[in-house]
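These notes are about the structure you will find just below.
Where a number appears in this text, it was derived from the coordinates with a stated rule and is not lab data. Being a predicted model, the structure only gives us computed values, none of them experimental. Cβ sites come from the backbone with ideal geometry, for glycine too, and all protein chains shown count toward neighbours.
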Ligand SMILES: [Zn+2]
């Protein structure tokens, strides 16, 4: 998964494999806890709702969005190249493009592991349960 946040203030690139110990729900639970993995920065200046659209979007530079796109490509190539391109050993990468007072900063990536969350994949497993059948 990968996306930029409002205002292209930051972004996320995360990967969850069938063999991963955690999942997308675990990541969201970690974000709710606000302890282990920080949420990417958001700058809601420039948010617009285009006519005919039911969701807000934002304006931002394509060159800023490319920071996220390129990491998504590196991650995908690493996963698909069977060892010919190092995919990295992290689960979640958080990008910051804006710092304090929403001032532009040099792109800064931070890498995190996403351990199984106690409310999801880290919960006591049922005898026949799969760690990725935890959405209900
Ligand atoms: Zn999970």
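With runs of 4+ DSSP H residues as the only contributors, calculate the mean residue ellipticity of the chain at 222 nm using -39,500 (n - 2.57) per run, divided by the residue total and rounded to the nearest 500. The partial results should precede the final answer.
Details: 2 runs with 29 residues, N = 136.
Calculated at 222 nm, the ellipticity per residue is -7000 deg cm²/dmol.
Enter the Cα centre distance for the pair region 95-113 and region 20-52, rounded to the nearest angstrom.
14 Å
Report, to two decimal places, the Cα Rg of the chain normalised by 2.2 N^0.38 Å (N = number of residues).
Working: Rg = 16.7 Å, N = 136, 2.2 N^0.38 = 14.2 Å.
Cα-based Rg divided by the globular estimate yields 1.18.
For the chain, what relative contact order do you get, as a whole percent, if you take Cα pairs closer than 8 Å and at least 6 residues apart?
On the way: 215 pairs, mean separation 42.7, N = 136.
Here the relative contact order equals 31 percent.
Using a Gaussian network model of the chain whose springs link C-alpha atoms within less than 10 Å, name the residue from 56, 116, 38 with the highest mean-square fluctuation.
The residue with the greatest mean-square fluctuation here is 56.
By how many degrees, 0 to 90 and rounded to 10, does the Cα axis of helix 62-80 deviate from the longest principal axis of the chain?
Relative to the chain, helix 62-80 is tipped by roughly 20 degrees.
Calculate the spin-label point distance for residue 79 paired with residue 101, positioning each point 7 Å from the Cα along the beta-carbon direction, and give it in nanometres.
4.0 nm
For residue 112 and residue 86 in the same chain, what is the full-extension length gain: residue separation times 0.36 nm, less their Cα-Cα distance, in nm?
On the way: separation 26, 0.36 × 26 = 9.36 nm, distance 1.63 nm.
Result: 7.7 nm gained on full extension.
Points 7 angstrom from Cα along the Cβ direction at residue 34 and residue 47: gap in nanometres?
Reported label-point gap for residue 34 and residue 47 is 1.7 nm.
Along Cα→Cβ, 7 Å out, is where each label goes; now give me the distance between the ones at residue 70 and residue 57 in nm to one decimal.
Here the answer is 2.4 nm between the modelled labels.
How far is helix 24-33 tilted, in degrees, relative to the longest principal axis of the Cα atoms in the chain, given as a value from 0 to 90 rounded to the nearest 10?
Helix 24-33 sits roughly 70 degrees off the main axis of the chain.
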